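So the structure is just underneath, and the comments pick up after that.
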Amino acid sequence: MGQKQLRFVYLLSVWMFIVLFFLIIGNKLDIEIFFVLNLIGFLVLVELTTPFHFKPEWKNRLKWVVLAGMMGVSYIVIRKVQKIIG
């Protein structure tokens, strides 16, 4: 793993621990909220760490992770809407 890849993993790990810390402090520990906030952090981190001139090959493979995350968020949103309606 390259230095930039490791930095990405470290930053994402820090973000996850920050989210978990505030969810625990706020007494709102919910896996759905944790998942959505971490996906948001992941997407922001991908955009902030991608160079403007080119995309490294390893970041092109992240599209599958993003797609899976968006499917997960869509499922959560659909469940919440059904819960509100029904």
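The values are calculated or read from the model by the stated rules, or taken from the named source; none is laboratory data. Quick caveat: nothing in here was measured; it's all calculated off a predicted structure. Quick reminder, even Gly has a Cβ in these numbers, built from the backbone with ideal geometry, and neighbours come from all protein chains shown. Accessible surface is based on the protein model in full, side chains and every heavy atom, while ligands, DNA and RNA are left aside. Shrake-Rupley method; radii C 1.70, N 1.55, O 1.52, S 1.80 Å.
Scanning the stretch 1-33 for residues that are under 16 Å from A68 (Cβ atoms) and under 9 Å from the mean Cα position of the chain (by Cα) turns up just one, L12. Please state which one of L23, L39 is free of Cβ contacts under 8 Å to residues at least 24 places away in the same chain and of a type in the set (A, V, I, L, M). Within the list L23, L39, the selection yields L23. Can you say whether F17 is touching a residue at least 24 places away in the same chain (Cβ under 8 Å), outside any loop (DSSP other than H, G, I, E, B) and not aliphatic (A, V, I, L, M), as far as the supplied structure shows? When the stated conditions are applied, F17 does not pass them.
Residue-wise test of (1) out of contact with any helix residue (DSSP H, G or I) (no Cβ under 8 Å at 6 or more places or on another chain); (2) open to solvent by 60 Å² or more (accessible area, probe 1.4 Å).
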residue	(1), (2)
K4	no, yes
R7	no, yes
V14	yes, yes
V36	no, no
I40	yes, yes
T49	no, no
W58	no, no
V73	no, no
R79	yes, yes
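Just wondering, is there one or more residues in the stretch 32-41 that are under 18 Å from K4 (Cβ atoms) and either touching a strand residue (DSSP E or B) at 6+ places or on another chain (Cβ under 8 Å) or in a helix (DSSP H, G or I) (or both)? Yes, the conditions are met somewhere in the stretch 32-41. In the condition set (1) at pLDDT below 95; (2) assigned to a helix (DSSP H, G or I); (3) surrounded by 11 or more Cβ atoms within 10 Å (Cβ to Cβ), K83 is compliant with all but (3).
Going by what's in this entry, would L62 be described as open to solvent by less than 90 Å² (accessible area, probe 1.4 Å), under 15 Å from V9 (Cβ atoms) and in contact with a helix residue (DSSP H, G or I) (Cβ under 8 Å, 6 or more places away or on another chain)? Answer is yes for this residue.
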